[in-house]
Amino acid sequence: MGPSVRMFDRRRFLQALAALGVTNAAPGHTEDKPRFGAAPFALGVASGYPSPNGVALWTRLVIDPSLPGGGIDPVRTRVSWEVAKDDKMKTVVASGADLLTPAWAHAMHVDVTGLEPDRWYWYRFTAGNAESPIGRTRTAPATREAAPRLKFAFASCQHYEHGYFSAYRHMLADELDLIAFLGDYIYETRAPKDLAVRSHNSSEPRTLSRYRVRHALYKTDRDLRAAHAALPWICTWDDHEVDNDYAANQPQDDVPLEEWVARRLVAYKAYYEHMPLRESMRPTAEGMPLHAQIDWGALARFFVLDDRQYRTPQACPRPDRKGGSNTVDVAACPALLAPDRTILGTRQERWLEGALQQTPARWNLLAQQTLMAQFDQQVGPGRRAWTDAWDGYPLARKRLLEHIAQKRVPNPVAIGGDVHAFYVADLKADYDDPKAPVIGSEFVGTSITAPGWPQEQIDALLPENPHIRFGDSRHRGYVRVEVTPQQLRADLRAMDTVKKPDGACSTLASFVVANGVPGAQRA
Ligand SMILES: [Fe+2]
């Protein structure tokens, strides 16, 4: 978190938090054997962050997703968990219990350890007379083991009102090891009425209660719940989990700082309460540590990055706004080139540089929110940059890519979302020099449902950006990735429609990155 949070009036900040219900004291009563009139696992079960010996498990007690408290009595409630080697839960190998509190929305986070590497497990939760559905998860291969294969999908930008999350049903047919979600898990904003196929049924969330209800609504989508129950996820967020285009302590709109920071914190808290995150990611008044490293033996390492929480505010915002993104003439916005601009924050940047330098992995996957490659948004001479993506932080991008090149990080590949389009691009430290070497490869996945730009706009801009090898905004969908020691293959998976719950999915295009040869080639 930036210096202004540490410096501003802590007392007013805490008052704001208390008003939003974050600091409510634990009630005295404990329910050890609760009896539920209806099933209290309406949001399902989930897992995440596989390691060689463990995985994170999640559930939240909810009977009625439309209520901020989920329809659960506001008392401490005992919930137990079990992990088994079989899908009938006969051979239980780990178990435990915890008291869930209404202050944390009766959400459960368990960091299971002591499991065997590289195998599937099943898990379930029990609360009094109620049992959860059985979830399936898996551990990662042993550290430095020569794993032969990793198969995963990555996805982003699921707007409930814009469509059904049926892309997940097709992912489950792909026999994946995990799902990487790269931001905009919920949207705070509405879809235009003529484009909406279902409704948030509530206005823009600003309080803890409203963010909880919004998250719970999203998990009423059966395909999303099924994807959480079937595979471990790794996650980062983008702006819409809180508010459009925010940057650390800078909201898009002109609101008092303490009001903004309190809103951001309750949004982070609701996110934590609804996602299969590690216990160590639990938010505090200082923020929420979400960046992470996940190893798949010696085959692949994910660097899951958070480019939202610590970034410098976007340069040269629109004149009518306090903050937020803009598409600027690069020559007219010298602030873009300030060397202290950072998209990851200094601490995360140092952590990433260290982790990249020491990586034992053959494939090094930068799992982050948005387009990393330069994308000139102006047809003809001059260059326009969209300030919310890495184009708004050009020297931070250069630092990172030069570090990757200098340290000879093997096979760097960025995966991203945010722009509601498929892009396949070359990563270069210097995009203004056509002869600059290609350092790595980039794949951006389209949205699960949120609409993209008109395709004609992308078609007009691609000739300005020869390092972007492919761009398609016509389709919603996801990217399926298969990594082996010899190559990384990415299949761009396109839905025919998300306006109905049973859309079909097909492969729009496939690209391959060969081991040791940066830059994707059409397969
Ligand atoms: Fe988005």
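For region 452-469, the set of residues classified as open to solvent by 30 Å² or more (accessible area, probe 1.4 Å) and either assigned to a helix (DSSP H, G or I) or touching a strand residue (DSSP E or B) at 6+ places or on another chain (Cβ under 8 Å) (or both) consists of Glu456, Gln457, Asp459, Ala460, Leu462, Pro463, Glu464, Arg469, listed by residue number.
Within region 222-244, being touching a residue at least 24 places away in the same chain (Cβ under 8 Å), open to solvent by 10 Å² or more (accessible area, probe 1.4 Å) and either assigned to a helix (DSSP H, G or I) or more than 16 Å from the ligand (Cβ to nearest atom) (or both) holds for Asp223, Arg225, Ala226, Ala229, Ala230. Only one of the numbered conditions (1) without any contact (Cβ under 8 Å) to a residue 60 or more places away in the chain; (2) within 16 Å of the ligand (Cβ to nearest atom); (3) open to solvent by 40 Å² or more (accessible area, probe 1.4 Å) is not met by Leu195, and that is (1). When you look at Ala285, is it away from the ligand (no atom under 16 Å from the Cβ) and within 22 Å of Trp390 (Cβ to Cβ), yes or no? Criteria not met by Ala285. Restricting attention to region 167-185 and to residues that are within 16 Å of the ligand (Cβ to nearest atom) and not hydroxyl-bearing (Ser, Thr, Tyr), the residue that is farthest from Arg308 (Cα to Cα) turns out to be Ala167.
Among the residues making up region 470-499, those that are under 20 Å from Gly297 (Cβ atoms) and part of a loop (DSSP other than H, G, I, E, B) are Thr484, Pro485, Gln486.
Quick check on region 461-472. Is at least one of its residues more than 24 Å from Ala436 (Cα to Cα) and not aliphatic (A, V, I, L, M)? Yes, there is a match, as at least one residue in region 461-472 is more than 24 Å from Ala436 (Cα to Cα) and not aliphatic (A, V, I, L, M).
The strands (runs of 3 or more DSSP E) located wholly in region 363-451 that include 2 or more residues which are in the same structural domain as Arg480 (by TED's automatic domain parsing) and within 16 Å of the ligand (Cβ to nearest atom) occupy 412-416, 422-427.
Among the residues examined, Val79 does not qualify as assigned to a strand (DSSP E or B), over 23 Å from the mean Cα position of the chain (by Cα) and farther than 28 Å from Glu241 by Cβ. Looking only at residues in region 137-165 that are under 18 Å from Phe422 (Cβ atoms) and in contact with a strand residue (DSSP E or B) (Cβ under 8 Å, 6 or more places away or on another chain), the one that is nearest to the ligand (Cβ to nearest atom) is Ser156.
Looking for something closer than 26 Å to Tyr393 by Cβ, more than 16 Å from the ligand (Cβ to nearest atom), assigned to a loop (DSSP other than H, G, I, E, B) and of a type outside the set (Asp, Glu) - is there at least one such residue anywhere in region 251-267?
Within region 251-267, the subset closer than 26 Å to Tyr393 by Cβ is 251-255, 257, 260-261, 263-265, 267.
Those still in the list that are more than 16 Å from the ligand (Cβ to nearest atom) too: 251, 253-255, 257, 260-261, 263-265.
The next check asks that each one be assigned to a loop (DSSP other than H, G, I, E, B); those that pass are 251, 253-255.
Next, only the ones that are of a type outside the set (Asp, Glu) stay: 251, 255.
Yes, that holds for at least one residue.
Taken over region 332-382, the residue count meeting the criterion of being closer than 19 Å to Asp239 by Cβ and of a type in the set (Lys, Arg) is 1. Exactly one residue among Glu188, Glu204, Glu258 is among the acidic types (Asp, Glu), at pLDDT below 95, surrounded by fewer than 22 Cβ atoms within 10 Å (Cβ to Cβ) and farther than 28 Å from Tyr121 by Cα, and that residue is Glu258.
The values are calculated or read from the model by the stated rules, or taken from the named source; none is laboratory data. The model shown is predicted, which means the values in this text are computed figures rather than measured ones. Quick reminder, even Gly has a Cβ in these numbers, built from the backbone with ideal geometry, and neighbours come from all protein chains shown. All accessible areas refer to the heavy atoms of the entire protein, side chains included, with ligands and DNA or RNA removed. Shrake-Rupley method; radii C 1.70, N 1.55, O 1.52, S 1.80 Å.
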